[in-house]
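Scroll down for the structure; my scribbles are underneath it.
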Amino acid sequence: MEDAALLAAYAGGDRGAAALLTSRLLPRVFAQAMRMLQDRAEAEDVAQEAMLRLWKQAPDWRAGEAKVSTWMYRVTANLCTDRLRKRRPTEPLDAVAEPADGRASVLSEMVEAERRAALTAALGDLPERQAQAVSLRHLEGLSNPEIGSIMDMSVEAVESLIARGKRGLVQRLAGRKADLGYGNGDDGDTG
Amino acid sequence: MVMMATQDDMDGAVTALLDALRTETPRPSDDLMSRVLADAEALQPETEVILAGPAVAAPAADRGWLHLIGGWPAASGLAAAGVMGLWLGYAPPGGLDGVTDAFVGDPLAVSWIETPEDWLLGGDAL
């Protein structure tokens, strides 16, 4: 059964529809939030809020106007960018204590964590639409037409947003190149 | 040229980081699933309705209207007034005495019967 039909069933009082929709949608929503926020607690809050909005929307959902998945991507992306903009700036790397034994693996984990934090901070600094377009393209792997449906814009507009957003990320992270372990024989490989 | 190469290197590094994050598929916790389901249950449109008492037992053809009346909370005066108008039109003879019973009768769980939206109070869901 399609998501929209399940949602209608839920709105009609079908108790089982909610469980089925949750098992189907929540993993996707949570994963999207985690990839964008890199913080489990915040991702859970966003995922719960996104699903809450779906339950509230159910009685008014008009089948055929939009796919449930498209709507969920949009709501989740909006909630995530709201969270990113409210975050405080991340601490510089030298403020993070080094591990006592200096094991290379632990240090590389710290560097990796710092890179992720820097990326989400840079996403939060971007204009909201750029951050969403870049996330949907590069973190969710969606096509430009799919992103256009989610963000209600043309493919050309999506491409422009992604290009500008990516440049914005690079510019913001380039300023922390040394901090993030880039450009000293480390090409950024995380494997 | 060195700076351009550096910018390209950063572009590649950012792309690599984004690609790495894209492959991750973290799973929601059981606790999160439970909370989401609890929200769904709390927000699901009302399906339990209040049946009128025996004094207003209606023929099968009218049972849908009685179920609707029984479903409104007793305190919802406006809804009750609106519903009452339709109920009165369908009430069996002598059914007026059962109107009060319809609002204070014992609740019983029954299947929801679809009702036109223009009957219902309420604004936008979101």
Solvent exposure ordering (accessible area, 1.4 Å, most first) of B:36, A:155: A:155, B:36
Protein accessible surface hidden between A and B, which excludes ligands and nucleic acids, total in Å², probe 1.4 Å: 4000
Using a 1.4 Å probe and ignoring any ligands, DNA or RNA, find the accessible area of residue B:17 and quote it in Å² to the nearest 10. 10
Could you name every residue in the range A:1-46 that has 50 Å² or more less accessible surface in the full protein assembly than in its own chain alone (probe 1.4 Å, ligands and nucleic acids excluded)? A:10, A:15, A:26, A:27, A:35, A:44
Stokes-Einstein diffusion coefficient of chain A, Kirkwood radius over Cα pairs, 10 °C, 1.306 mPa s, in µm²/s: 87
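The values are calculated or read from the model by the stated rules, or taken from the named source; none is laboratory data. Since we're looking at a predicted model, the values are computed, not measured. Side chains included, ligands, DNA and RNA excluded: accessible areas come from the protein's heavy atoms. Shrake-Rupley method; radii C 1.70, N 1.55, O 1.52, S 1.80 Å.
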